[in-house]
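The values are calculated or read from the model by the stated rules, or taken from the named source; none is laboratory data. Everything numeric in this text was worked out from a predicted model, so none of it was measured. For neighbour counting, all protein chains shown are included, and Cβ atoms are generated from backbone atoms with ideal geometry for every residue, glycine included.
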Amino acid sequence: MLSWRDLYVIIKHSPHASAFRRAVRGEAADYGTTEYLLVAMLNGIRTLSYQMDGRKKKPDLEFFYPPGVADPKKIARADVMSIEEMNQHLGWA
């Protein structure tokens with residue numbers, strides 16, 4: 001019979017591509033430290049080549065984002081609420 005500690009150790013040390021990790025992390029389970037470092041190197045090389053390009057009008061620089069990392073351009077932005085609106089919303093006014 002497995003103890004809770006045994007179960008924790010089995011899950012903690014399961015391979016990155018295991019069914020449990022894929023169920024919890026989705027597509028990001030396929031990415032380990034090596035893959036994230038490769039993505040960082042790829043983005044660094046793209047940035048360097050973009051900066052060294054001699055053209056005056058350059059296309060926008062696009063980065064590669066691995067699964068589980070949000071594209072900053074696609075993150076939803078909320079409208080700013082004034083202090084008076086916040087007090088009204090909380091019922092403090």
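Look at Asp6 and say whether it is acidic (Asp, Glu), more than 14 Å from Pro67 (Cβ to Cβ) and outside the structural domain of Ala70 (by TED's automatic domain parsing). Against the criterion (acidic (Asp, Glu), more than 14 Å from Pro67 (Cβ to Cβ) and outside the structural domain of Ala70 (by TED's automatic domain parsing)), Asp6 qualifies.
Here is a yes/no grid of residues against (1) in contact with a helix residue (DSSP H, G or I) (Cβ under 8 Å, 6 or more places away or on another chain); (2) part of a loop (DSSP other than H, G, I, E, B):
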| site | (1), (2) |
| --- | --- |
| Arg5 | no, no |
| Tyr8 | no, no |
| Phe20 | yes, no |
| Leu37 | no, no |
| Leu42 | no, no |
| Met81 | yes, yes |
| Ala93 | yes, yes |
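Does at least one position in the range 24-32 carry a residue that is on the phi > 0 side of the Ramachandran plot and in a helix (DSSP H, G or I)? Checking the range 24-32: at least one residue is on the phi > 0 side of the Ramachandran plot and in a helix (DSSP H, G or I).
Is one or more of the residues making up the range 26-37 touching a Leu at 6+ places or on another chain (Cβ under 9 Å), within 19 Å of Asp71 (Cβ to Cβ), assigned by TED's automatic domain parsing to the domain that holds Asp71 and surrounded by 10 or more Cβ atoms within 10 Å (Cβ to Cβ)? Checked against the condition, which is being touching a Leu at 6+ places or on another chain (Cβ under 9 Å), within 19 Å of Asp71 (Cβ to Cβ), assigned by TED's automatic domain parsing to the domain that holds Asp71 and surrounded by 10 or more Cβ atoms within 10 Å (Cβ to Cβ), the range 26-37 yields no hits at all.
Figure legend. Inter-residue proximity from the range 64-77: first residues closer than 20 Å to Arg21 by Cα and in the same structural domain as Gly44 (by TED's automatic domain parsing), second residues part of a loop (DSSP other than H, G, I, E, B) and modelled with pLDDT of 75 or more, beta-carbon distance below 6 Å, spacing 6+ or different chains. Indicated pairs: Pro66/Tyr31.
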